[in-house]
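Input: a single structure, listed below in structure tokens.
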Amino acid sequence: MTGTAREAAASTPDAITLSMVRERIFDPPAELEKLLRSGETLHRLRFKGGEVGWLVTGYDAARSVLNDPRFSLREIPPLHTVEPAKHDAIIAMMREEGLLRGDMLTMDPPEHARFRQAITPRFALRSVERFEAEVEEIVARCLDDLAASAQPADLVRTFAAPISFRSQCALLGVPEQDIPMLELIGETNRNPALTADEVIAATREFRAYLDEVVARKRREPGDDLISDIVEGGVLDDEEIVGLLVLLFVAGVETTESMLATGVFALLTHEDQLDLLRGDLTLMKPAVEELMRYLTVFNVGTLTRTATDDVELDGVVIEQGAWVSVSLLGANRDGRRFRHPDLLDIERGGKGQVGFGHGVHVCSGQHLARLELRVGIARLLERFPRLAIARDEDVVLSGDDEVTFGVKRLPVTW
């Protein structure tokens with residue numbers, strides 16, 4: 001945010017500080033709900049560092065910002081976490097050691113296009129469709145493991161996490177024998193009890209593994225995404241490793257959250273669950289509606305900087321201002337979706353923006369849809385009596401986390 005924009009922001013007493021605390025699990029946070037009811041699409045927002053910018057909640061306005069090159073991903077505010085000092089130390093290490101060189105989430109075109117070009121063919125719809133048999137096999141093995149577990153079993157640990165992680169590994173070309181080791185590193189990185197030094201050590205171990213895999217694919221390429229990137233010759237090795245870190249972190253966590261939270265939503269909406277169990281041809285529209293209804297990205301995840309004065313819905317967004325797009329607000333906009341606060345799998349959620357929009361729309365959206373469609377369908381077929389063990393044992397993500405969703409979901413069958 002520029003000095004001029006910051007000075008203007010400081011004189012904006014009516015700016016809101018948006019809490020992400022949800023009074024009811026599937027409803028938007030109360031403050032966001034109030035903004036949605038106001039009918040306005042842009043609101044003054046005070047970021048956690050004190051700077052004031054804009055919050056976009058309208059569907060059309062959100063798509064407009066995400067599709068407008070005048071809104072840049074450079075110089076955006078840092079994500080705030082429960083332990084900012086720990087987070088900052090980890091990010092500083094990653095920046096110093098080149099692990100952020102592949103972070104497409106902070107790039108504008110044409111730099112962004114160069115990285116996107118390296119992965120687009122393998123993530124294209126037709127390529128992902130050819131991957132369906134492999135996802136079916138991964139899901140079947142995970143359901144076998146679930147069936148062999150003692151009841152109640154945590155559906156996140158036994159179903160959502162392994163399906164998301166192993167599907168990503170298979171697409172990338174990670175040898176199956178390496179997956180348990182990588183899963184352990186991933187669990188370490190996400191353990192909130194660990195210190196920054198412990199997470200940094202695990203991250204360096206992961207980086208050393210990726211360096212080795214890239215070198216191996218250069219010697220012995222296969223039919224997989226890492227080989228595609230290496231052979232494409234568009235990125236250097238450090239950029240490739242940084243990109244792989246992003247694909248593991250962003251691609252795995254969001255799909256895991258959607259799988260677990262999607263099942264949780266169905267188990268707590270019995271009419272929709274019965275409808276889907278009775279007709280699994282509704283699986284595709286159900287996935288779109290779950291993406292719309294849940295929208296796992298919290299406010300602050302998609303923030304841009306205006307590189308020029310931009311007029312939007314009659315409001316001038318000043319050059320240098322930060323603009324945060326609420327995908328949840330867009331997906332609950334009553335002007336676009338009738339009865340937006342109802343889960344209705346027959347509506348299909350057509351046009352939902354849970355994967356974002358514009359040039360930065362999620363690269364792995366087709367893979368995520370495939371995992372959700374196959375994973376949930378096979379789960380419901382295999383376990384027709386699936387139920388939440390005890391509501392009080394369900395653990396949700398913290399209010400300051402990047403993604404909203406279920407972290408622990410004990411079930412019986």
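Values in this text are rule-based calculations from the coordinates and carry no lab data. Since the model is a prediction, treat every value here as computed from it, not as a measurement. We place every Cβ from the backbone using ideal geometry, glycine too, and count neighbours over all the protein chains shown.
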Charge tally for neighbours of LEU280 with beta carbon under 11 Å away, counting Lys, Arg as +1 and Asp, Glu as -1, is +2
GNM of the chain, Cα pairs under 10 angstrom: of SER326, SER19, SER38, the biggest fluctuation goes to SER38
Residues TRP413, TRP54 in order from fewest to most other beta-carbon atoms within 10 Å are TRP413, TRP54
Filtered pair list for the chain (Lys only, Cα < 23 Å, 8 or more apart or interchain) has a length of 4
If exposed means GluC sites (Glu not before Pro) lying in a DSSP loop and surrounded by at most 15 other beta carbons within 10 Å, then the longest stretch of the chain lacking such sites spans residues 76-345
Proxy exposure order for TYR293, TYR209, TYR59 (fewest C-beta within 10 Å first) is TYR209, TYR59, TYR293
Per GNM of the chain with C-alpha springs under 10 angstrom, the most fluctuating residue out of ARG378, ARG95, ARG190 is ARG190
With the charge dipole of the range 318-374 built from beta-carbon charges (+1 for Lys and Arg, -1 for Asp and Glu) about the Cα centre, the Cα from VAL325, GLY356, PHE337 projecting farthest to the positive end belongs to PHE337
Proxy exposure order for ASP237, ASP333 (fewest C-beta within 10 Å first) is ASP237, ASP333
Relative contact order in percent for the chain (Cα pairs under 8 Å, 6+ apart) equals 26
About its Cα centre, the range 3-412 carries a charge dipole, from +1 on Lys and Arg Cβ atoms and -1 on Asp and Glu Cβ atoms, whose size in debye to the nearest 20 is 660
Within the set THR158, THR268, THR41, GNM on the chain using Cα springs under 10 Å gives the largest fluctuation to THR268
Under the helix-only model (-39500 (n - 2.57) for each DSSP H run of 4 or more, divided by the residues of the chain), the mean residue ellipticity at 222 nm, to 500 deg cm²/dmol, is -15500 deg cm²/dmol
Lys and Arg at +1, Asp and Glu at -1: neighbours of GLY53 with Cβ under 9 Å from its Cβ sum to +1
